[in-house]
Amino acid sequence: MANVNAQEGKGKMTPQQRQKLKHFVKELDNFKGRHTELVTVYVPQGYDLNGVINQLQQEQGTATNIKSKSTRDNVIAALEKMTQHLKLVKRTPPNGLVAFAGNVAEREGFQNYRVWSIEPPMPINIRIYRCDKEFILDPLKEMATDKTLYGLVVMDKRDATVAILKGKTIVPLVKEDSMVPGKMKAGGQSSVRFAQNRELAAKEFYRKIGDIMKNQFLMMEELKGIIIGGPGPTKYEFVDGNNITNEVKKKIIAIKDITYTDEFGLQELVEKCEDVFANEEIGEEKKVMQKFFDTLGKTPGKASYGKDEVMKQIKFGAVDILLLSEDLDDATIDEFTAEAEKVNSQVVLVSTETREGIQLRDIGKIAAILRYEVRGEY
């Protein structure tokens, strides 16, 4: 069974579990059958594994009717391999079981029968048996996707940008410019009239942004909240006025002071929301990366980066927290994780979707916070 450990108790998937699941899916996604001869089985939590084994044995009998000899032989052999493997598993794991079997030889006419199985990190509740030209991986791909979802709005009287934060990725949705005149009035217009026109244009702009928020956010069932940011008092005028439907307004969880109202503003807003994202993967990632950069600046002897340098310090037992970019290849991630586990180092996988993650990528993709200062004596 593949080493994708189930979560202890209930809760969200860890970044390490998510990365291992992505690695597993990526490996199987490369295999394609020439005919419908690759076997996929999903066994939900609590389902009797003996019932699955009995079904596969019956399918072996049915497969004898397949006209093509090569397809028939491949299906029967895959089912036999799968059955033997499931008998060794004996009982369905707490989160269920997903298994795959088939002839994955690259050249036609050759044989390379393999079987894979995992207990997913989170429970599965679907039952699948299928022979196809490829393994059925969509449920695992969906599980491996970080579904954390927040609405983002950055605005002032000039323009606004509406976006979502999906996992660690900012996805801009709508950019809207206002028709609000600048603060300097045109000649021949009274100050009072100019102020009235400016206020009317601002109200119209606010209503338009409120409608955009309703259209974009109201039906997002997984939305955890909406965060609004901008310079000055405009954002408070917008939120406190009669511009947003009550259903959408209830979803607003934070208002932040920021400088920009474009995509830079969206990044700035996310960075200002350390309190909001404290328990999310993006918050944990930003916190540990900030700790690394603070350590590098204040106590450089307790921070390290670069593949060779960090590996030396892992083997020396000096690494407290190992930071690995998800941009690394799977073999390197596995190698460093295995070495770090030998000396009880914490391993943190860092995406390239945040500013800090990009910085880690640019300094070599591998870094570490050390347990004590190392001055080259190793």
Inset, instruction - Consider just the alpha-carbon atoms of the stretch 1-124 and return their Rg together with their Dmax, both in angstrom. - result: 15.5, 48
Legend entry - Cβ charges +1 (Lys, Arg) and -1 (Asp, Glu), total dipole of the chain, debye: 600 debye
Inset, instruction - Mind running the shape call on the chain? Use the C-alpha gyration tensor, a ≥ b ≥ c as the square roots of the eigenvalues: rounded below 1.5 for a/c, prolate if a/b tops b/c, oblate otherwise. - result: oblate
Legend entry - Cα-centred dipole magnitude for the stretch 282-370, charges only on beta-carbon of K, R (+1) and D, E (-1), debye, nearest 20: 500 debye
Legend entry - From phi via Karplus (6.51, -1.76, 1.60), per-residue ³J(HN,Hα) for the stretch 287-296 in Hz, x at Gly/Pro: 5, 6, 5, 5, 4, 4, 5, 5, 5, 4
Legend entry - Pairwise label distance in nanometres, PHE293 with ASP257, each label 7 Å out on the Cα-Cβ vector: 2.1 nm
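By DSSP, what percent of the beta bridges with both residues in the chain are antiparallel, rounded to the nearest 5?
In the chain, DSSP labels about 70 percent of beta bridges as antiparallel.
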Legend entry - Net lengthening on full extension, LYS175/GLN55 (0.36 nm per residue, minus Cα-Cα): 37.8 nm
Inset, instruction - Please list the non-local residues whose amide H lies under 5 Å from the amide H of LEU173, H modeled 1.01 Å from N, same-chain partners needing a gap of 5 or more. - result: VAL162, ALA163, ILE164
Inset, instruction - Can you list which of the GluC sites (Glu not before Pro) found in the stretch 270-378 are DSSP loop residues with at most 16 other C-beta atoms within 10 Å? - result: GLU274, GLU373, GLU377
Inset, instruction - Report, in deg cm²/dmol and to the nearest 500, the calculated mean residue ellipticity at 222 nm for the chain, where each DSSP H run with n ≥ 4 adds -39500 (n - 2.57) and the sum is divided by the residue count. - result: -12500 deg cm²/dmol
Legend entry - Farthest toward positive dipole pole in the stretch 15-143 [+1 Lys/Arg, -1 Asp/Glu at C-beta], among TYR129, ALA78, LEU56: ALA78
Inset, instruction - Would you work out which of ALA340, ILE164, ILE258 lies farthest towards the positive end of the dipole of the chain? Charges go on Cβ: Lys and Arg +1, Asp and Glu -1. - result: ILE164
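Values quoted throughout were computed directly from the atomic coordinates according to the rules given, and no laboratory measurement underlies them. All of these numbers come straight from a predicted model, not from anything done at the bench. Positions of Cβ are generated from backbone atoms using ideal geometry, with glycine treated the same way; all protein chains shown enter the neighbour counts.
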